[in-house]
1. Any residue that is in the same structural domain as A:Leu64 (by TED's automatic domain parsing), assigned to a helix (DSSP H, G or I) and without any contact (Cβ under 8 Å) to a residue 24 or more places away in the chain - is there at least one of those in region A:139-150?
2. Under 8 Å between Cβ atoms, at least 6 apart or on separate chains: pull out the pairs that start in region A:347-368 with a residue that is farther than 13 Å from A:Arg423 by Cβ and more than 8 Å from chain B (Cβ to nearest Cβ) and end on any residue that is in a helix (DSSP H, G or I) and modelled with pLDDT under 75.
3. Consider region B:69-91. How many of its residues are crowded, with 17+ Cβ neighbours inside 10 Å and part of a helix (DSSP H, G or I)?
4. Here is a list of conditions, (1) assigned to a helix (DSSP H, G or I); (2) in contact with a helix residue (DSSP H, G or I) (Cβ under 9 Å, 6 or more places away or on another chain); (3) modelled with pLDDT under 55, and B:Gln172 meets all of them except one; can you say which number that is?
5. When you go through A:Leu287, A:Leu280, A:Leu301, A:Leu294 one by one, which is the residue that is without any contact (Cβ under 8 Å) to a residue 40 or more places away in the chain, within 12 Å of chain B (Cβ to nearest Cβ) and not small (Gly, Ala, Ser)?
6. If we scan region A:228-236, do we find a residue that is over 19 Å from A:Ala425 (Cβ atoms) and surrounded by fewer than 24 Cβ atoms within 10 Å (Cβ to Cβ)?
Amino acid sequence: MSSQRSRLVSLAVAVGLVLADSSIVVLALPEIYRDLDTSVAGVTWVLVSFNLVMALAAVPAAHLARRIGPGRAAAVGLAVFAGAGLACGLASELSTLIAARCVQALGGALAVTAALELLPATVGSERRAVAIWATAGATGAALGPALGGLMTELVSWQSIFLIQAPLAIAAGVPILAVARHEAATGIVAAELRSTGRPHLLANLALAMVSAAIAAALFLLVLLLIEGWRLTPIGAAIVVSAMPLAALFGARLGPGMGSARARAAAGAILVSGGLGGLALLPKAEVVLTLPPQLLVGVGLALVLSALTETALAGRAPQAIHGGWTISARHAGVAIGLLALTPLFTADIAQQRNDAIDAGTAVVLDSKVSPLLKLELSQRIDDRLAGERGRVPTIGSAFEPLPEDPEDRAEVLVLREELQDQLDRAATHAFSPSFGLGALIGLLALVPIGLARRVEL
Amino acid sequence: MSRATNRGPLLIGVAIAISLALVGIYLAAGGASYAPAKVQDPCEERPWRDPEGLDELAEQFSFSALDGAACELGVSRETLARALATPESRERFTQRYEIDDAELARAIRAGLLRAVDDAERAGVLSPFLATPLRSTLREIPVDQAIELIQDASTLLDNLETFLGPAQGLLEQILP
C-alpha cells in the first residue's frame, strides 16, 4: 500500500473511530449502569460528557492544529485519545469514567479537525477530502452502537474502550511521518489565514438533525435492551440496520440533487423514521426495521450534505470542519439532555400503568381468589427487585399450578401481563421519539433558509 | 439548471411520500393506541355480577372493599391489592405513599363499609344484616380488616363471631 493510501486509510479510520465514540457506548450503558451502580441520568453523562467536550473543544482544537501543524496535532490527538480510552476501560467509578471520557473527547477533537486539514493533500482535492471526512464520520457514528453492543456482549463494556487504544495508535503511525516532517522543516500545512464566519444555518441544521439522530440511536437501543429485554448482541444486530441503510444513503451522492435538496430529503427521512418509531403498533423487533432504514438513509444524506454546505468555499477547512463537529456534538448532547428526563419519567409512569393493568387482568380472571392473592404477592416481590426498570414478569408465575384448568388460566394471564408490559415499554418511548421527529422537521427551517445552495 | 438540481424536488417528494406512508401504515395498524390498558377509577361503581356461590360473592365483596379503600387512599385498586399481599409489601406501600397505619386502617374500614353498601345495593345482602355488619366493621382491628379484604370468605366464616345470631339469617339470604 502506498504511503498516500495508507495515510488516507488511517485518517478515515481516525475520524470514524473518534466519531463512533459519540455513540459507541450506547449499547453498553445498561451494563455500565448496573456495574457502576448508578442512575439512568448519571449513566447518560458517559455519553453526554464526550459530546459536550467535543462540541466545546472542536473549534479551539482546529486552531491549535493549524498552529502546531496538523500532522503533529493528529498524532498528539490520537495518543491522548488512546490513553484516555485506556483510562475509561480501567475506570471503576462513574466519576473517573466521565473524566476520562472528557479527556478522550479533547484528544478526539484535535485528531478529527487535524485530519480534515491533512486530507486534501492526501487525496488531491478539497471537495473529495470533505466527502471522505464526512462519510467516515457518519459511518463511524452509525456503526458505533452496533460495535459497542457486540463488544459488550462478547467481552465487556470495558473492552469497548480498551480496544480503541491499539486502533488509535495504529491509525496514528502513518501520520507520524507528516508530524516528523513538520518537526524537521518547521512547515505547517498552510499559512494562517482569516478564518471567515462559520455557515450558521448549515451548522444550526446539523445540530438539530444530530439531536434527532441521537434520539433515534440512544432511545432505540434503550427500548430494545431495557424495554424489550434483548441482549446487547441482539440489540446490536437489530440496530445495525441503521448503519447499513446509511451506507446505501452515502451512495446517493451529489448526483441525486443539490446539497440543500439532499439535506432536506435527509431531514424528512430522519423525522419520518422517528415518527414511525413513535408509533410502533406492536413490540416486535421487525417493526423497527422500516423506521431504521429511513433514519439510516436520511442521516447519510443530511449529514454529508450539511457538512458539504458548511465547508463549501470556506477556508481553512479545519476551522470550519471544527464548527461542524462542534454543531453535531452539541446537538447530540442537547438532544440527550432534553430527552433523558422525558423518557425516564415516562418509563416509570408507563411501568406503573402496565403493572396495574396486568394486576387488573389477574384480579378479574377466573383463577381462585387464593391463587390471585398469591400471584399479586409474587408480582409485587418481582417488582421490588427491579429498581424501577421494566420487569420480566415470567418468573412471577413460576411454579405453575398443578391443576390443569388453573395452569391454563395462569398461562393466559402471564401472556396478558407481558403484553401490558410490552405496551408500556414501547409507549414510554413514544413522546421522546416524537420529540426527536419534531426536532428533525424543525431542521428544515435553517435548511430552507440556507440560500447559498440552490434547490 | 443541472441534472442533479432537477432531481432535488423529486428526491424531496420521494422522502415525504415514504415518510408519510410509514407513519400512515403504523397509525392504521394501531400505533397511536398501543399503550397499557387503563384501569378503572376505584371511586366509580363496579357493577356486581350475579354471584355463583359463596366464593364468588366473597370475591366481589373483596373487590368492592378494595375499590373503596383505594378510592379513599387515592391509588388504584390494583396497587392496593398488591400492597396488601404481605406485611413486607404493605410496608413498601405505606413508605412509598407516605401513609401511616391510622390512615391505612381508616381507608380499609371505609372500603369494607363500601363493600357492604355495594352488596346491599346489588341485593345480595339484606338491610337487616347490613346494618349490624357495618357497626362491626367500623370497630375491627386493621389486621383483621386486611384479612377480610384478602379473603372475604373469612368474613362469612367469621360471621358467627361478628354477628352472633345474624349468621343464620345471612345463610338464608345467600343464593
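The values are calculated or read from the model by the stated rules, or taken from the named source; none is laboratory data. Model, not experiment: these values are computed from the prediction. Every residue, glycine among them, receives a Cβ derived from its backbone with ideal geometry; neighbour counts consider all protein chains shown.
1. No, every residue in region A:139-150 fails to be in the same structural domain as A:Leu64 (by TED's automatic domain parsing), assigned to a helix (DSSP H, G or I) and without any contact (Cβ under 8 Å) to a residue 24 or more places away in the chain.
2. Hits for this filter: A:Val362/A:Lys372; A:Val362/A:Ser376; A:Val362/A:Ile379; A:Ser365/A:Lys372.
3. Looking only at that region, the number is 14.
4. Condition (2) is where B:Gln172 drops out.
5. Details: A:Leu280 fails: without any contact (Cβ under 8 Å) to a residue 40 or more places away in the chain; A:Leu301 fails: without any contact (Cβ under 8 Å) to a residue 40 or more places away in the chain; A:Leu294 fails: without any contact (Cβ under 8 Å) to a residue 40 or more places away in the chain.
That would be A:Leu287, the only listed residue that is without any contact (Cβ under 8 Å) to a residue 40 or more places away in the chain, within 12 Å of chain B (Cβ to nearest Cβ) and not small (Gly, Ala, Ser).
6. Yes.
Results for (1) under 19 Å from A:Ala134 (Cα atoms); (2) surrounded by fewer than 20 Cβ atoms within 10 Å (Cβ to Cβ); (3) out of contact with any Ser or Thr (no Cβ under 7 Å at 6 or more places or on another chain); (4) of a type outside the set (Phe, Trp, Tyr), shown as yes or no for each residue.
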position	(1), (2), (3), (4)
A:Ser3	no, yes, yes, yes
A:Leu11	yes, no, no, yes
A:Val26	no, no, yes, yes
A:Arg34	no, yes, yes, yes
A:Asp37	no, yes, yes, yes
A:Ala61	yes, no, no, yes
A:Leu64	no, no, yes, yes
A:Arg67	no, yes, yes, yes
A:Gly77	yes, no, yes, yes
